[in-house]
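Trainee: Take a look at this one; I'll ask things after.
The values are calculated or read from the model by the stated rules, or taken from the named source; none is laboratory data. On a predicted model such as this, the values are computed, not experimentally measured, just so you know. For neighbour counting, all protein chains shown are included, and Cβ atoms are generated from backbone atoms with ideal geometry for every residue, glycine included.
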Amino acid sequence: MSLPSDTPQGIADALGYLQHHLHKLTERQNVSENNINTTLVALTMQLQQLTQLVANPFPPSILNISPPPVPSPPVSLPPTLMVRQTRPKLSCLPDFSGECYNSCMFLNSCSLYIHLAPEQFYDEQERILWALIFFKGSRTAKWSKNMFC
């Protein structure tokens with residue numbers, strides 16, 4: 001922008017100063033907008049991954065595996081001599097906060113528990129609802145609450 005030749009030097013200097021700072025502020029705004037857009041894309045991807053995880057928390061290969069048949073007790077032994085089969089004691093799953101670094105661990109824990117105790121679940125919906133019990137992080141708790149409201 002050119003100024004008239006009769007513009008006092010003080011005004012011209014002040015205008016130059018203001019234009020310089022306006023340019024700097026515009027650059028900072030552009031950097032901030034780029035950072036916001038990058039963060040928004042990352043958050044959208046994480047939300048899609050979480051939605052897919054909840055919609056299908058078990059890989060197809062895990063869902064199609066049926067538990068091994070329970071062997072029938074030997075007929076020749078009297079009931080008092082039969083050895084009772086014991087199952088491993090299952091511990092409670094850790095709470096899931098929604099952090100990416102522990103999502104695989106949580107998914108594996110759920111899958112193992114369901115395989116070790118399939119009789120505790122009637123169907124897939126019950127497995128999903130059971131897994132939602134452990135969604136106790138701030139983001140996951142809000143998300144799971146929306147599933148029931």
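Trainee: Given the structure, is P68 farther than 30 Å from A42 by Cβ, modelled with pLDDT under 65 and out of contact with any His (no Cβ under 6 Å at 6 or more places or on another chain)?
Mentor: So P68 passes the test.
Trainee: Just a yes or no: is a residue in segment 17-26 at pLDDT 80 or above and of a type in the set (S, T, N, Q)?
Mentor: For segment 17-26, residues at pLDDT 80 or above and of a type in the set (S, T, N, Q): present.
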